[in-house]
Amino acid sequence: MIATGTSVVASEAIAQAGLKRIAIVAPSVPVEKIRTYPHYARVLTELNGLGFVEGKNLVVDTYSGRGERNAFGDLARAVVARNPDAILTSGPLYLWRSNQRPQPSRSLSWSRTQSHSG
């Protein structure tokens, strides 16, 4: 089972408004705690400082694998199917690998002084 923090109706409205969408995928943190979990909260604060404000020009979808390693492949496919502009996750990459690996179209990395996509 996949835990998610955004509804389908909200997703359709987001696409129509042209907002940026990021997905935060936590391997084990419960979906209801992701926004306040220290390193995810820091990223959201940094994005806010860069002008990306949730509810204004940024949509943040949250997902949790709830520690169920066998479901990580399905979770990764579900996240990529939503077509986020960026995916933020933690933990070793091998946890997310499966026989049919979804590949995001872009990756994003953050540092204290810059952000860039590649």
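Reported count of residues in segment 42-59, each being surrounded by 13 or more Cβ atoms within 10 Å (Cβ to Cβ) and either more than 14 Å from V79 (Cβ to Cβ) or free of Cβ contacts under 8 Å to residues at least 40 places away in the same chain (or both), is 8.
Going by the structure shown, is A41 modelled with pLDDT under 90 and either in contact with a strand residue (DSSP E or B) (Cβ under 6 Å, 6 or more places away or on another chain) or among the hydrophobic types (A, V, I, L, M, F, W, C) (or both)? Considered against the rule, which asks whether it is modelled with pLDDT under 90 and either in contact with a strand residue (DSSP E or B) (Cβ under 6 Å, 6 or more places away or on another chain) or among the hydrophobic types (A, V, I, L, M, F, W, C) (or both), A41 comes out as no.
Mind checking which residues of segment 54-93 are closer than 14 Å to L44 by Cβ and not hydroxyl-bearing (S, T, Y)? Within segment 54-93, E54, G55, K56, N57, L58, V59, V60, D61, A86, L88 meet the criteria. When the criteria are applied in full, L93 meets the requirement of being under 22 Å from Y37 (Cα atoms), out of contact with any strand residue (DSSP E or B) (no Cβ under 9 Å at 6 or more places or on another chain) and modelled with pLDDT under 90.
The values are calculated or read from the model by the stated rules, or taken from the named source; none is laboratory data. It should be emphasised that the depicted structure is a prediction, and the values quoted were computed from it without experimental measurement. Because the Cβ atoms are built from the backbone with ideal geometry, glycine has one as well, and the counts that use them run over all protein chains shown.
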